[in-house]
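The values are calculated or read from the model by the stated rules, or taken from the named source; none is laboratory data. This structure is a prediction, so every number in the text was calculated from the model and none was measured. Cβ placement follows ideal geometry from the backbone for every residue including glycine, while neighbour counts extend to all protein chains displayed. To get the accessible areas, we keep the full protein, side chains included, count just its heavy atoms, and leave off ligands, DNA and RNA. Shrake-Rupley method; radii C 1.70, N 1.55, O 1.52, S 1.80 Å.
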Amino acid sequence: MIFAENARVAFIGDSITHSSPATSYIQEYYQKHFPKRKVKIFNLGTGGDTAEGAYLRLESDILLSNPTEAVIMLGTNDIGRALYVKPEQNEEERRDAEERCARHLAAIKALTYALTERNIPVTLCSSIGRDELTPKHDTALYATFYTYGASARLKWLYEENCRELDRVLKAKVDYFTPFQRLQSELLAIGGPSLFSDDRTHASVIGQHMMTRIFLRSQGLPVELPSAELIASGWCEAPLSPALEKRFALEKTLRNIRWVDPHQAKDTEGLDLDMRIAYWERAIEEGRGLARYGWAVPLYRSYIENVKKESELVAELEAVTEALYN
């Protein structure tokens with residue numbers, strides 16, 4: 001079912017959503033094919049997030065976009081990748097895995113009901129899974145990110161969520177099955193991967209496939225290219241300059257809200273200037289997640305932009321509205 005006229009759609013997820021322009025490609029499709037509907041898509045992915053984290057940021061983040069519909073894709077961080085780095089789990093690891101799954105299921109249920117009780121219809125999406133098909137020691141990928149059975153667990157979580165919430169969901173989107181099938185076909189003919197080198201996030205081609213899988217699930221006339229076509233060099237046209245600008249704005253906002261408050265428990269009770277000072281010191285001293293190179297740009301984006309957050313929100317609204325003018 002396609003989005004309603006004047007819908008404001010919140011795509012709620014983790015870094016697979018946060019870092020991907022797939023939401024912008026969905027926005028572009030609606031802009032081009034249904035301009036009178038004036039559908040507005042908002043990327044509300046947050047790197048490292050879980051179902052529990054998304055539920056906790058409902059009031060402070062998600063609802064600030066005034067959504068009329070929500071699309072949820074979570075689970076990759078919920079299961080605990082470290083529990084799947086061996087072919088078999090011991091008893092303690094199995095208990096931990098089951099506990100994490102139970103927490104995820106409870107949080108997705110709470111998040112879904114919190115939205116539907118506000119008359120915000122929910123579409124639930126599966127994870128894309130992980131790349132457990134490419135051989136573990138493929139030199140193009142990080143061998144340390146290889147997992148055994150994590151994909152199957154993510155598929156099971158989605159099926160359990162669908163079974164539990166079937167009567168309240170607007171729609172369901174199975175990314176996992178077509179994504180993994182196409183990945184297998186590409187691997188068989190030596191084509192490019194749908195996953196990036198960390199075996200978790202979608203590659204550029206994978207992001208385009210996510211876009212097409214979602215639109216196709218809405219009954220729209222969108223096809224997935226064959227593995228042979230992709231291997232021959234198929235690619236999607238780039239986003240328009242206006243949508244590139246919009247995606248950059250969204251990423252800046254997501255970077256701000258990734259740090260504060262969800263990664264900043266040590267700064268509770270501090271005012272904004274004191275929080276900024278705290279993260280400046282964290283970068284200088286390599287404390288917390290700032291000891292990792294990938295996190296430092298997010299902290300710096302926060303420090304640079306957090307005082308302009310309301311201006312960025314207003315600019316995003318203006319850029320989005322301009323898409324239809």
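Listed values, structure above:
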read-out: Helical contribution to [θ] at 222 nm, DSSP H n ≥ 4, -39,500 (n - 2.57), averaged over the chain, rounded to 500; value: -15000 deg cm²/dmol
read-out: Probe 1.4 Å - accessible area at residue 2, Å² to nearest ten; value: 40
read-out: Formal net charge of residues neighbouring residue 14 (Cβ-Cβ distance under 10 Å; K, R +1; D, E -1); value: -2
read-out: Centroid-to-centroid separation of the range 191-255 and the range 102-157 [C-alpha atoms, Å]; value: 18
read-out: 27 Å Cα-Cα reach of residue 136 towards lysines, excluding residues that sit fewer than 8 places from it in its own chain; value: 86, 155
read-out: Positive-end residue of 217, 230, 252, charge dipole of the range 194-265 with Cβ unit charges; value: 252
read-out: Dipole magnitude of the chain, debye to nearest 20 (Cβ charges: Lys/Arg +1, Asp/Glu -1, about Cα centre); value: 660
read-out: Relative contact order for the range 35-121, counting Cα pairs under 8 Å that sit 6 or more residues apart, in percent; value: 42
read-out: Vicinal HN-Hα couplings computed from phi for the range 15-32 (Karplus, 6.51 cos²θ - 1.76 cosθ + 1.60; Hz; Gly/Pro x); value: 5, 5, 7, 3, 8, 9, x, 4, 5, 5, 5, 5, 4, 4, 4, 5, 4, 7
read-out: Relative contact order for the range 189-269, counting Cα pairs under 8 Å that sit 6 or more residues apart, in percent; value: 23
read-out: Inter-label distance, nm, simple model (7 Å from Cα along the C-beta direction), residue 86/residue 272; value: 4.9
read-out: Descending Cα extents along the principal axes, the chain, whole Å; value: 52, 51, 41
read-out: Reciprocal of mean inverse Cα separation for the range 1-143 (Kirkwood radius, Å); value: 16.7
read-out: Relative contact order %, the range 257-325, counting alpha carbon pairs below 8 Å whose residues are six or more apart; value: 27
read-out: List 274, 209, 1, ordered by accessible area with a 1.4 Å probe, largest first; value: 1, 274, 209
read-out: Computed log₁₀ I(q)/I(0) - Debye formula, equal Cα scatterers, no solvent, the range 138-219, q 0.19, 0.22, 0.23, 0.27 Å⁻¹; value: -0.96, -1.18, -1.24, -1.41
read-out: Cut-off under 5 Å, modelled amide H: who pairs with residue 38 long-range; value: 6
read-out: Exceeding the 31 Å Cα-Cα cut-off - candidates 38/170; 170/307; 265/308; value: 170/307
